[in-house]
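Single-structure report; data block below.
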Amino acid sequence: MEQTEYLQKYEEQLRHNLMQLLREQDLIPQKGPLPETPDITDRWDSMVGSYSADAMKEIVQYPLVSLGWAMYLGLALARYWDEGWEVYSKHPNLYEHLRDVRGFDYLDEVVRFDLYHWDCEEVVRNCAQMALDQIRHEQIEPSSPLAYHVYISSIRILYLLGAAMGLKKLGYSMQKA
């Protein structure tokens, strides 16, 4: 199977599994499309390099942090989008802006307590665990190019679902009334 096709199937399965978990907890809409906006979705490309550079340092010792913090990043961008995108959109790298508040290790606390006042740690941990389990199930050679691409795909899905969860928490459905 070609790598692009493999990655597409991997992403579809991970997204499906995570959406099911989040729907069971009513953290994303039960039906229909996820709340999303191109402002948040398109921002990923400007952040993935610096996020993955920081997160990959943690993957061996703290794999759930390495994966889960991407979900917190999505949650943060949903809050930024809601609060004042005209200001936040000017930052060249919103991940670095968020990280630099207290450092990578405390990114979860900044999002949970400073931005949301919502302790969603268990949900993020469960999603990160589900992603990690799926990565391990693939039995990909560690440190291989394919392992890198699967990792990047996983954090992107977690980021997008974090953003959808944040938009729902903030009251957005992103559907026509």
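Which of rounded, prolate, oblate describes the stretch 24-68, given a ≥ b ≥ c as roots of the alpha-carbon gyration tensor eigenvalues and a/c under 1.5 marking rounded, otherwise prolate only if a/b is larger than b/c? Cα axes put the stretch 24-68 in the oblate bin.
Please sort by residue number the GluC sites (Glu not before Pro) in the stretch 1-65 whose DSSP state is loop and whose Cβ has at most 14 other Cβ atoms within 10 Å.
Details: sites: Glu2, Glu5, Glu11, Glu12, Glu24, Glu36, Glu58; in loops: Glu2, Glu36, Glu58.
Listed in order of number, the matching sites are Glu2.
Computed from phi, the 3J(HN,Hα) profile of the stretch 131-138 under the Karplus parametrisation 6.51, -1.76, 1.60 (θ = phi - 60°) reads 5, 4, 4, 5, 4, 5, 4, 5 Hz, with x in place of Gly and Pro. Here Cα extents along the principal axes in Å was calculated from the structure, and among (1) 42, 36, 28; (2) 63, 49, 27; (3) 58, 34, 27 it sits at label (1).
Per-residue extension of 0.36 nm, minus the Cα-Cα distance of Arg136 and Asp82, leaves a gain of 15.9 nm for this segment. In the chain, helical runs assigned H by DSSP with n ≥ 4 each contribute -39500 (n - 2.57); averaged across all residues and rounded to the nearest 500, the mean residue ellipticity at 222 nm is -21500 deg cm²/dmol. Here is the list for the stretch 80-177: trypsin sites (Lys or Arg not before Pro) lying in DSSP coil, each with at most 10 other C-beta atoms within 10 angstrom of its C-beta, are Lys90, Lys176.
Report the gain in length on full extension from Ser173 to Ser143: 0.36 nm times residue separation, minus Cα-Cα distance, nm rounded to one decimal.
Values: separation 30, 0.36 × 30 = 10.80 nm, distance 3.90 nm.
Additional length available on full extension: 6.9 nm.
Paramagnetic label reach from Asn126 (point 7 Å along Cα→Cβ; backbone nitrogen cut-off under 12 Å): within the stretch 1-38, residues 18-28. Take the Cα of Thr37, step 7 Å toward its Cβ, do the same at Trp118, and the gap between the two points is 1.5 nm. Compactness check for the stretch 93-176: Cα Rg over 2.2 N^0.38 Å is 1.27. In a DSSP loop and with at most 11 other Cβ atoms within 10 Å, the trypsin sites (Lys or Arg not before Pro) in the stretch 1-48 are Lys31.
Quick note: the coordinates plus some simple rules give every number you see, no bench work behind them. No experiment lies behind these values; they were computed from the predicted model shown. Positions of Cβ are generated from backbone atoms using ideal geometry, with glycine treated the same way; all protein chains shown enter the neighbour counts.
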